[in-house]
Amino acid sequence: MLDTIGVSSLEDLVAHLPAAVRYNDRLPIPDGKSEYEILDYFRKLGETNAGLQASFLGAGVYRHYRPVMVDTIVSRGEFLTSYTPYQAEMAQGTLTAIFEFQSMICQLTGMDVANASMYDASTAVPEAAMMAMRATGRSSVLVARNVHPEYREVLGTYAKFQGMPVQEFAFDAESGQANFDDLATKLTSDTAAVILQSPNFFGIVEDVKQAAALAHEKGALLVVIFSEAVAMGIVAPPRDADIVAGELQSFAIAPSYGGPFAGIIACKEKLIRQIPGRLVGETKDKDGRRAFCLTLATREQHIRREKATSNICTNQALIALMATVFMSVYGKEGLRELATQNLSKAQYLGAKLKHRFSGPFFNEFVADVGAKDVAEMNRALEAKKIIGGLPLGRFYPELKNGVLLCCTEMTRREDMDVVAEVMA
Amino acid sequence: MSEGIKKVRQQPSQNEDLLFEISSPGKAGYQLPPLDVPSVDPRAALGAGNTRDAIDDFPEVSEVDVIRHFTRLSTWNYAIDLGLYPLGSCTMKYNPRINEAAARVEGMAWPHPYQPDSLSQGAMEVMAELERCLNAITGMDAVTLQPAAGAHGEFAGILLIRAYLESKGNPRKKILIPDSAHGTNPATAHMAGYQVENIASNSRGMVDTEILMKAVDDDVAALMVTNPNTLGVFEEHIADVAKILHDKGALLYMDGANMNALVGVSRPGDFGVDVMHLNLHKTFSTPHGGGGPGSGPVAVKKILEPFLPAPRLKRVGDKWEWNYNLPDAVGRVRAFYGNFGVLVRALAYIMAHGGDGLKRATLDAVLNANYLRKRLEKHYQIAYNEPSMHECVFSDDIQKKLGADTGNIAKRLIDYGFHPYTVSFPLIVHGALMIEPTETESKRELDLFADALISIAEEIEENVEFVKQSPHSTRTSKVDEVGAARKPVVRWKR
């Protein structure tokens with residue numbers, strides 16, 4: 001090969017680089033390791049992390065059973081090692097699966113259009129807000145204070161440079177639900193979007209219909225966020241929203257210390273040209289057979305550059321495929337039964353503890369520990385190999401006695417009994 | 001089929017309807033253990049108005065249905081595992097499976113981001129070690145692993161530049177972008193609140209330092225440059241470019257999409273780059289997965305470190321802690337700490353290669369690109385006659401005169417069993433064929449690919465109409481993309 005090229009060594013290939021920019025040292029990275037050594041390294045480090053031990057943490061990342069089918073399918077090289085399906089004739093597998101994904105997300109959320117994924121929910125939230133800005137021609141956003149705190153932080157980062165003032169509205173101290181009186185006083189003729197999460201950060205189901213009525217009365221759009229997708233097996237879909245942005249981590253995506261996950265944005269038909277990210281559409285091939293391809297690319301950065309709806313390029317395709325397989329495996333009956341199991345477990349533990357809020361909750365709730373020391377309680381649980389709930393003081397100073405506890409189908413009754421005993 | 005087609009022959013493929021069309025009522029593929037607590041009626045617990053009935057049209061299929069369905073779909077895809085995937089700038093290299101195994105180790109796959117730091121030391125160590133490696137490779141001083149993909153890293157990087165300039169009293173107004181840049185660059189600058197000004201490349205396809213000197217004024221915040229650029233050409237005057245910017249108080253941002261050409265050979269930190277992102281799914285071989293997930297760490301010089309988003313890793317005694325107390329940090333760009341599972345894969349890749357192996361991979365990538373260039377340049381017009389690094393860009397000038405363009409050639413390549421190169425990009429080349437073979441291709445596979453492109457060039461001379469009607473052998477013939485956009489159907493309906 002060197003002869004064909006007409007050079008005598010590999011180094012000759014980069015000899016044209018100016019000497020001043022060449023790196024002549026050896027990279028300070030240890031010599032290459034074998035498979036065994038690499039696996040051993042990660043196994044040993046992994047042992048210092050809590051992995052599958054009992055845990056009551058939720059707060060946007062949920063521990064659900066991952067059907068074996070999921071990794072079986074996403075490990076197929078044809079899915080794992082393919083690129084974004086720009087060449088439709090060579091990528092009908094990925095394109096068809098994404099079309100099914102989009103369809104299932106629409107069925108779940110009650111929306112008309114869903115994109116092929118966002119990085120995660122936290123980044124889908126500002127993208128949804130920017131969609132609303134473009135659609136309404138307005139600039140400000142109202143977000144409920146019981147939306148996931150880190151989603152609100154990310155929203156703040158994006159908003160700062162969009163000329164998009166973000167204001168928070170309160171949650172009701174008794175129910176834990178969004179305070180619609182506060183929302184009503186803050187809605188103005190410049191409000192592009194009202195952002196509400198349901199179930200909210202405290203696990204409580206919100207009244208989406210009422211929020212929609214309030215927002216629409218003032219000409220604003222309603223954006224509904226979800227972080228626990230399993231809830232959609234039994235909780236009414238947010239049909240009255242204009243945009244739904246959410247997190248699919250619950251659909252067979254391992255917690256993996258916070259990522260990779262898969263976010264989505266779904267919306268009503270009228271907003272299709274404002275949606276960011278990739279969309280797969282149905283079409284025909286030259287012989288009239290059904291085929292799929294990426295569509296409405298004129299919204300995207302590779303065509304529109306600085307006028308694009310977003311800069312997103314790489315998304316979370318393989319993770320979205322995990323969610324697609326998950327939804328196929330559980331299906332109509334399974335998702336409902338799974339959601340009911342989650343609800344039942346949370347109700348079981350919930351009945352044994354004092355609650356901070358009265359609103360109806362799905363698989364998480366805020367326990368009120370009163371004067372007791374939350375950190376000490378969690379240490380006591382840790383000694384019993386149980387990771388306790390999330391102390392809320394970190395995000396909400398007024399809830400320093402509150403602990404957010406989550407139960408899923410993987411939570412065992414005997415562990416819940418221990419938690420109840422330690423926390424009661 | 002043409003005698004020139006050596007890599008593939010036709011084989012029947014399975015037909016498969018959509019999941020919704022193969023569903024039948026009552027079928028299911030799931031199992032749940034029996035509930036160990038009393039079952040609760042959703043309507044009683046949540047209120048009747050808050051619950052839903054069954055999800056209309058949601059799939060009802062068996063386990064066998066599921067595996068056959070997705071396996072059949074998978075056979076309709078091309079993949080690196082099937083052969084060379086020469087998408088320029090996308091770096092489609094082989095994805096070692098050890099990386100997948102490492103990410104699925106229980107202690108890596110199952111930690112919750114909010115579990116106490118004391119129970120997350122291994123995960124934090126992985127991140128710290130990857131930060132160390134990325135600093136060493138780039139010659140930069142500090143790294144954030146938070147961004148989820150390249151474009152997301154660009155966004156974080158431009159925010160850092162803005163925060164730094166604000167701390168100096170003026171965030172400035174404009175970002176300069178060469179006309180050869182990826183579309184994400186201008187889209188990112190716009191999202192970060194900057195105006196975009198395009199800079200024309202010179203006759204050698206590089207940043208024109210004279211044009212740059214005129215363009216840089218007190219309103220310019222930064223130049224976003226890709227090096228090697230999208231022509232696969234190393235920006236020869238990159239150090240001068242950095243100096244021109246720095247002299248006017250502006251910064252140099254580097255899009256690391258083509259870092260595959262530099263690892264072990266040249267470090268951006270040494271040639272004046274202030275901020276850059278890396279695409280772990282390109283350079284460090286985490287799988288593209290049909291479009292993601294990626295990971296887009298951002299590396300910076302010392303002056304920008306105080307602005308990196310919280311939280312950051314901090315060593316306290318012999319333990320890692322997450323430090324949120326960073327008063328100058330730009331806001332979070334993502335919840336939690338980044339695409340951790342992708343970080344594990346990238347570190348496994350770095351460990352498998354070691355420092356010398358990483359450099360060898362770079363040289364092999366440059367070797368493969370130059371070999372293809374040499375074999376093809378008698379048949380296709382090289383766009384710019386400059387030394388190629390990891391990719392080479394041709395134009396369709398010769399073939400265009402005979403009536404076939406880069407898009408036609410790309411579709412014909414599919415018949416030969418190869419995924420097309422990047423078509424019509426960079427925009428500064430008319431009818432571009434942008435080819436990046438990567439280091440993981442053997443001479444045998446490279447030759448098959450070169451033979452295919454040469455054979456297509458001959459076909460164009462003999463029967464251009466046949467080439468223009470390609471592909472001929474795929475189970476799906478040419479797809480009507482215009483029709484799809486005219487009346488979008490983006491979900492299945494009964």
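Tallying residues that are surrounded by 14 or more Cβ atoms within 10 Å (Cβ to Cβ) and either more than 7 Å from chain B (Cβ to nearest Cβ) or among the hydroxyl-bearing types (Ser, Thr, Tyr) (or both) within region A:21-36 yields 1. In region A:289-298, the count of residues that are more than 7 Å from every other protein chain (Cβ to nearest Cβ), crowded, with 24+ Cβ neighbours inside 10 Å and not in a strand (DSSP E or B) is zero. Which condition breaks for A:Leu248 when tested against (1) in contact (Cβ under 8 Å) with a residue 60 or more places away in the chain; (2) open to solvent by 10 Å² or more (accessible area, probe 1.4 Å)? Only one criterion is unmet by A:Leu248, namely (2). Is it fair to say B:Asp65 is at pLDDT 95 or above and either charged (D, E, K, R) or farther than 22 Å from A:Met69 by Cα (or both)? Yes; evaluated as a whole, the condition is true for this residue. Taking the criterion of being surrounded by 14 or more Cβ atoms within 10 Å (Cβ to Cβ) and either touching a strand residue (DSSP E or B) at 6+ places or on another chain (Cβ under 6 Å) or in a helix (DSSP H, G or I) (or both), the residues of region B:5-44 that qualify are B:Leu19, B:Phe20, B:Ile22, B:Pro42.
Criterion applied to B:Ala452, B:Ala485 was being open to solvent by 30 Å² or more (accessible area, probe 1.4 Å), touching a helix residue (DSSP H, G or I) at 6+ places or on another chain (Cβ under 9 Å) and either at positive phi or not assigned by TED's automatic domain parsing to the domain that holds B:Asn227 (or both), and the one residue passing it is B:Ala485. Looking at B:Leu252, is it in a strand (DSSP E or B), surrounded by fewer than 24 Cβ atoms within 10 Å (Cβ to Cβ) and assigned by TED's automatic domain parsing to the domain that holds B:Ala142? Answer is no for this residue. Quick check on my filter: what residues within region A:388-411 are open to solvent by 10 Å² or more (accessible area, probe 1.4 Å), at the interface with another protein chain (Cβ under 10 Å from one of its Cβ atoms) and touching a strand residue (DSSP E or B) at 6+ places or on another chain (Cβ under 7 Å)? Listed by number, the list holds a single entry, A:Pro391. When B:Glu377, B:Glu459 are checked against the criterion of being among the charged types (D, E, K, R) and either touching a residue at least 24 places away in the same chain (Cβ under 8 Å) or assigned by TED's automatic domain parsing to the domain that holds B:Asn258 (or both), a single residue qualifies: B:Glu459.
Per this entry, B:Val196 is counted among residues that are surrounded by fewer than 22 Cβ atoms within 10 Å (Cβ to Cβ) and under 24 Å from the mean Cα position of the chain (by Cα).
Number of residues in region B:25-43 that are facing another protein chain (nearest Cβ under 7 Å) and in contact with an Asp or Glu (Cβ under 7 Å, 6 or more places away or on another chain) equals 3.
The condition of being closer than 30 Å to A:Asp120 by Cβ, buried (at least 21 other Cβ atoms within 10 Å of the Cβ) and either outside the structural domain of B:Leu427 (by TED's automatic domain parsing) or not charged (D, E, K, R) (or both) holds for only one of B:Leu372, B:Leu343, that being B:Leu343.
If we keep just the residues of region B:164-174 that are assigned to a helix (DSSP H, G or I) and surrounded by fewer than 19 Cβ atoms within 10 Å (Cβ to Cβ), which is farthest from the other protein chains (Cβ to nearest Cβ)?
B:Ser167
Tell me the residue from A:Lys352, A:Lys332 that is part of a loop (DSSP other than H, G, I, E, B), of a type outside the set (A, V, I, L, M) and open to solvent by 20 Å² or more (accessible area, probe 1.4 Å), please. Testing whether each residue is part of a loop (DSSP other than H, G, I, E, B), of a type outside the set (A, V, I, L, M) and open to solvent by 20 Å² or more (accessible area, probe 1.4 Å) leaves just A:Lys352. Residue-level check: of (1) in contact (Cβ under 8 Å) with a residue 40 or more places away in the chain; (2) within 24 Å of B:Met108 (Cβ to Cβ); (3) out of contact with any Asp or Glu (no Cβ under 8 Å at 6 or more places or on another chain), B:Leu160 misses just (2). Residues considered: B:Leu84, B:Leu46. Of these, the only one that is touching a Leu at 6+ places or on another chain (Cβ under 9 Å) and more than 7 Å from chain A (Cβ to nearest Cβ) is B:Leu84. For region B:180-193, enumerate the residues that are open to solvent by 10 Å² or more (accessible area, probe 1.4 Å) and in a loop (DSSP other than H, G, I, E, B). If the condition is that a residue be open to solvent by 10 Å² or more (accessible area, probe 1.4 Å) and in a loop (DSSP other than H, G, I, E, B), then B:His182, B:Gly193 are the ones that fit.
Inspect region B:185-194 for any residue being of a type in the set (Val, Ile, Thr) and within 14 Å of chain A (Cβ to nearest Cβ) and give the result as yes or no.
The answer is yes; a qualifying residue exists.
For region A:129-166, residues that are of a type in the set (Lys, Arg) and closer than 21 Å to A:Asn179 by Cβ total 2.
When A:Leu142 is evaluated against the numbered criteria (1) within 14 Å of chain B (Cβ to nearest Cβ); (2) open to solvent by less than 10 Å² (accessible area, probe 1.4 Å); (3) more than 30 Å from B:Asp17 (Cβ to Cβ); (4) not in a helix (DSSP H, G or I), which criterion, by number, is the only one it fails? Exception for A:Leu142: condition (1). Please determine whether any residue of region B:90-109 is touching a His at 6+ places or on another chain (Cβ under 7 Å), open to solvent by 10 Å² or more (accessible area, probe 1.4 Å) and not basic (Lys, Arg). So far as region B:90-109 goes, no, none of its residues is touching a His at 6+ places or on another chain (Cβ under 7 Å), open to solvent by 10 Å² or more (accessible area, probe 1.4 Å) and not basic (Lys, Arg).
Does A:Ala193 meet the test of being open to solvent by less than 30 Å² (accessible area, probe 1.4 Å) and over 20 Å from A:Asp207 (Cα atoms)?
When the stated conditions are applied, A:Ala193 does not pass them.
For region B:263-323, the strands (runs of 3 or more DSSP E) that sit wholly inside it and include 1 or more residues that are under 14 Å from the mean Cα position of the chain (by Cα) and either in contact (Cβ under 8 Å) with a residue 40 or more places away in the chain or over 19 Å from B:Phe336 (Cα atoms) (or both) are B:275-278.
The set of residues in region A:75-98 that are more than 7 Å from chain B (Cβ to nearest Cβ) and buried (at least 24 other Cβ atoms within 10 Å of the Cβ) comprises A:Leu95, A:Ile98. On the basis of being open to solvent by less than 20 Å² (accessible area, probe 1.4 Å) and touching a strand residue (DSSP E or B) at 6+ places or on another chain (Cβ under 8 Å), does B:Ala156 make the cut? Judged against the criteria, B:Ala156 is a match. Are any of the residues in region B:381-391 more than 8 Å from chain A (Cβ to nearest Cβ), over 28 Å from B:Val207 (Cα atoms) and open to solvent by 20 Å² or more (accessible area, probe 1.4 Å)? There is no residue in region B:381-391 that is more than 8 Å from chain A (Cβ to nearest Cβ), over 28 Å from B:Val207 (Cα atoms) and open to solvent by 20 Å² or more (accessible area, probe 1.4 Å).
Residues in region B:45-67 that are assigned to a helix (DSSP H, G or I) and either over 12 Å from A:Val235 (Cα atoms) or among the charged types (D, E, K, R) (or both): B:Glu63, B:Val64, B:Asp65, B:Val66, B:Ile67.
The values are calculated or read from the model by the stated rules, or taken from the named source; none is laboratory data. Since we're looking at a predicted model, the values are computed, not measured. As a convention, Cβ positions derive from the backbone with ideal geometry for all residues, glycine included, and neighbour counts pool all protein chains shown. Keep in mind that these areas ignore ligands, DNA and RNA; they rest on the heavy atoms of the full protein, side chains included. Shrake-Rupley method; radii C 1.70, N 1.55, O 1.52, S 1.80 Å.
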